[in-house]
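Report on the following structure.
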Amino acid sequence: MAFALQQVELPRPLTHQLTASLLEAAGARVKATHITRLAEHAFYATVTLQTPAGERQVDARPPAP
């Protein structure tokens with residue numbers, strides 16, 4: 001976010017930029033994000049997307065070690 005706020009241009013998209021492009025291409029938007037717990041410095045969350053096919057829930061847990 002700091003790069004975006006400072007308007008720094010990088011040679012390739014960062015993860016959040018790629019994600020935004022993918023959502024836009026799919027005609028989806030983030031409707032809500034719900035943090036369900038915090039454990040060992042990792043957030044566990046569910047992201048609700050509004051898509052042309054309806055509302056979808058995406059599990060946003062970190063990968064297992």
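Taking region 2-27, which residues are under 15 Å from LEU49 (Cβ atoms), free of Cβ contacts under 8 Å to residues at least 12 places away in the same chain and over 14 Å from the mean Cα position of the chain (by Cα)? Within region 2-27, ALA25 is the sole residue that qualifies. Scanning region 1-23 for residues that are surrounded by 10 or more Cβ atoms within 10 Å (Cβ to Cβ), modelled with pLDDT of 85 or more and either over 21 Å from ALA60 (Cβ atoms) or of a type in the set (D, E, K, R) (or both) yields a count of 0. The residues listed here are PRO63, PRO52; of these, the one that is loosely packed, with under 10 Cβ neighbours inside 10 Å and touching a helix residue (DSSP H, G or I) at 6+ places or on another chain (Cβ under 9 Å) is PRO52. Taking region 24-41 as the range and being assigned to a helix (DSSP H, G or I) and exposed (fewer than 12 other Cβ atoms within 10 Å of the Cβ) as the test, the residues that pass are GLU24, ALA25.
State yes or no: is VAL58 in a loop (DSSP other than H, G, I, E, B) and open to solvent by less than 70 Å² (accessible area, probe 1.4 Å)? Outline the logic, then answer.
Details: in a loop (DSSP other than H, G, I, E, B): no; open to solvent by less than 70 Å² (accessible area, probe 1.4 Å): yes.
No, not satisfied.
The conditions are (1) of a type outside the set (Gly, Ala, Ser); (2) open to solvent by less than 70 Å² (accessible area, probe 1.4 Å); (3) within 23 Å of PRO63 (Cα to Cα); (4) not in a strand (DSSP E or B), and TYR44 fails exactly one of them. Which is it? Result: TYR44 fails condition (4) only.
The values are calculated or read from the model by the stated rules, or taken from the named source; none is laboratory data. This one's a predicted model, so the numbers in the text were calculated from it and none came from an experiment. Glycine gets a Cβ as well: all are built from the backbone with ideal geometry, and neighbour counts include every protein chain shown. Accessible surface is based on the protein model in full, side chains and every heavy atom, while ligands, DNA and RNA are left aside. Shrake-Rupley method; radii C 1.70, N 1.55, O 1.52, S 1.80 Å.
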